[in-house]
1. Scanning for something at pLDDT below 90, out of contact with any helix residue (DSSP H, G or I) (no Cβ under 7 Å at 6 or more places or on another chain) and more than 20 Å from residue 169 (Cα to Cα), does region 241-259 turn up at least one residue?
2. Filter region 62-74 down to the residues that are farther than 22 Å from residue 107 by Cβ and buried (at least 24 other Cβ atoms within 10 Å of the Cβ) and list them by number.
3. Could you count how many residues in region 120-140 are in contact with a strand residue (DSSP E or B) (Cβ under 6 Å, 6 or more places away or on another chain), closer than 21 Å to residue 55 by Cα and not in a strand (DSSP E or B)?
4. Has region 190-198 got at least one residue that is surrounded by 14 or more Cβ atoms within 10 Å (Cβ to Cβ) and at pLDDT 95 or above?
5. Restricting attention to region 246-265, which residues are farther than 16 Å from residue 232 by Cα and buried (at least 18 other Cβ atoms within 10 Å of the Cβ)?
6. Condition first: outside any strand (DSSP E or B), within 16 Å of the chain's Cα centre (by Cα), without any contact (Cβ under 8 Å) to a residue 40 or more places away in the chain and farther than 23 Å from residue 86 by Cα. Can you find one or more residues in region 194-214 that meet it?
7. What number of residues in region 178-193 are assigned to a loop (DSSP other than H, G, I, E, B), within 17 Å of residue 122 (Cβ to Cβ), out of contact with any helix residue (DSSP H, G or I) (no Cβ under 9 Å at 6 or more places or on another chain) and touching a residue at least 24 places away in the same chain (Cβ under 8 Å)?
8. Kindly provide the set of residues from region 141-177 that are closer than 22 Å to residue 202 by Cα, under 18 Å from the mean Cα position of the chain (by Cα) and in a strand (DSSP E or B), ordered by number.
């Protein structure tokens, strides 16, 4: 019995040592943290990409180069998307607790808060005229299932534009003309986008919504997500793992049996959070902690070389920690283990954000500005 116990102990120690080695083998030899680049939003003209790194928003030329710090805060900023005229940037921020929609005016640094919700409001797109920001939220449906909303730049009540009671809907983007909207529906792809490999739980579909009528574009059996319109509104681009690996695909923007075509031909790895230029010629996406672009006509894809140039987190406590609970971590190796040192998100700051949220709500009830929060001293928004 003792021999069996010793053998089992030796196996456990060997496995632990191997895991420890695997985690630390991803770091550079000098011990410096590796930067992670995520959630790219390409500008309408294709010249610039806004991206997330370390929970902050950065901006870099689409050809690559030095990225400059655009939005820095102790909270987590995500999904930056340019307005159709390229003058504003919508994003989701947890600075008020769960995550609300904010819009940054790039020329002035003015920051407007558009939503005041009790659940995460995930930015997904802009209306063609730039008057509305689209987002998904689970605050008003059964079992926190997601619906798609839009909110005016002037503030006010968000309006549901895809709110089926018994189906989760997300990643909604309106057609350039505004007469239809493409959404992702069903499955868990909205919050399990980080999953490695295929699962029936992630088999989402692309649908069209127009005049409260729903029509399927894809038939299921794969993870189809993040629809994007081309300039003519006759073609939709989206991410799918129908080939066995995640790639960018295109399909006619009509209901029924349109034939999907692969744009990229990756054999493995992730393709996440894509965005498209106004002319539909370039798609930017996240792939294995880096930012890539693809020419939709030729299918030629390449990684965007990026070097961070800025001082994220100046004046606040952002120690280096490895968070194994980070869903983006370990995507390559199939483990939820951090490849990078993520900035700390402490509960104290979340509480502070909620107190600020309460103050903002009181300000609005007293007749204050509609949906606009005054900049706080710690909000560094270099432009």
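The values are calculated or read from the model by the stated rules, or taken from the named source; none is laboratory data. Given the structure is predicted, the values throughout are model-derived calculations rather than measurements. Neighbour counts are summed over all protein chains in view; Cβ atoms, including those assigned to glycine, are modelled from backbone coordinates with ideal geometry.
1. Among the residues of region 241-259, at least one is at pLDDT below 90, out of contact with any helix residue (DSSP H, G or I) (no Cβ under 7 Å at 6 or more places or on another chain) and more than 20 Å from residue 169 (Cα to Cα), which makes the answer yes.
2. Passing the criteria: only 74.
3. Going through region 120-140 one residue at a time, the tally reaches 0.
4. No.
5. Selection gives 246, 247, 248, 249, 260, 263, 264.
6. Within region 194-214, the first condition is being outside any strand (DSSP E or B), and the residues that meet it are 194-204, 211-212.
When the remaining residues are screened for being within 16 Å of the chain's Cα centre (by Cα), the result is 194-195.
So of that shortlist, the ones also without any contact (Cβ under 8 Å) to a residue 40 or more places away in the chain come out as 195.
Right, trim to farther than 23 Å from residue 86 by Cα and you get 195.
Yes - at least one qualifying residue is present in region 194-214.
7. Applying the first criterion (assigned to a loop (DSSP other than H, G, I, E, B)) to region 178-193 yields 178-180, 186-193.
Going one step further and asking which of them are within 17 Å of residue 122 (Cβ to Cβ), we end up with 186-193.
With the extra rule that they be out of contact with any helix residue (DSSP H, G or I) (no Cβ under 9 Å at 6 or more places or on another chain), the set shrinks to 186, 190-191.
Those left that are additionally touching a residue at least 24 places away in the same chain (Cβ under 8 Å): 186, 190.
Of the residues in region 178-193, 2 are assigned to a loop (DSSP other than H, G, I, E, B), within 17 Å of residue 122 (Cβ to Cβ), out of contact with any helix residue (DSSP H, G or I) (no Cβ under 9 Å at 6 or more places or on another chain) and touching a residue at least 24 places away in the same chain (Cβ under 8 Å).
8. 147, 148, 169, 170, 171, 172, 173
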